[in-house]
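Chemist: I am attaching a structure below and will ask some questions about it afterwards.
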Amino acid sequence: MGAHALGAAAYAAKAAGLAAPNRPEAVDEEIAWQLEQLTAQTTSALRQLPLLGENSAGPLGPGLLASGALGSSIRELQSAIAASAP
């Protein structure tokens, strides 16, 4: 289910960007807001997922979520989550 959470987060970031086409920072602001909302338990769970595109099975494998704006957002989320490791 964690992989689906990352997909939903990426779609939310994409929606924020589409809603504010004159504000390219809107996507980054949405991602930053999402990261601020994560609990320690959620962060720990998401940290255990494979990195986007590394596992050929499941929603984080190569495919729709691994490319374009969605892939960029998920990679940014995963990078920030990994960097927050205790």
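The values are calculated or read from the model by the stated rules, or taken from the named source; none is laboratory data. Keep in mind the model is a prediction, meaning the values are calculated, not measured. No Cβ is skipped: glycine too gets one built from the backbone with ideal geometry, and neighbour counts run over all protein chains shown.
Chemist: Output the qualifying pairs, or none if there are none: Cβ atoms under 9 angstrom, residues six or more apart or on different chains, first residue in the range 57-78 and at positive phi, second residue crowded, with 19+ Cβ neighbours inside 10 Å.
Modeler: Short answer, once both residue conditions are applied: none.
Chemist: Against the conditions (1) surrounded by 12 or more Cβ atoms within 10 Å (Cβ to Cβ); (2) at pLDDT below 90, where does S56 fall short? Just the number, please.
Modeler: For S56, the exception is condition (1).
Chemist: Sticking with this structure for a sec: Considering A10, A19, A3, which residue is among the small types (G, A, S) and either free of Cβ contacts under 8 Å to residues at least 24 places away in the same chain or touching an Asp or Glu at 6+ places or on another chain (Cβ under 7 Å) (or both)?
Modeler: Of the residues listed, the single one that is among the small types (G, A, S) and either free of Cβ contacts under 8 Å to residues at least 24 places away in the same chain or touching an Asp or Glu at 6+ places or on another chain (Cβ under 7 Å) (or both) is A19.
Chemist: Hey, can you tell me all the residues within the range 1-53 that are among the polar types (S, T, N, Q) and under 15 Å from I81 (Cβ atoms)?
Modeler: Matches in the range 1-53: Q34, Q37, T39, Q41, T42, T43, S44, Q48.
Chemist: If I filter the range 66-86 down to residues being of a type in the set (S, T, N, Q) and under 15 Å from L38 (Cβ atoms), which single residue comes out as surrounded by the most Cβ atoms within 10 Å (Cβ to Cβ)?
Modeler: Result: S73.
Chemist: Which of the residues spanning the range 29-51 are surrounded by 11 or more Cβ atoms within 10 Å (Cβ to Cβ), touching a residue at least 40 places away in the same chain (Cβ under 8 Å) and more than 11 Å from the chain's Cα centre (by Cα)?
Modeler: Scanning the range 29-51 gives L38, T43, A45, L49.
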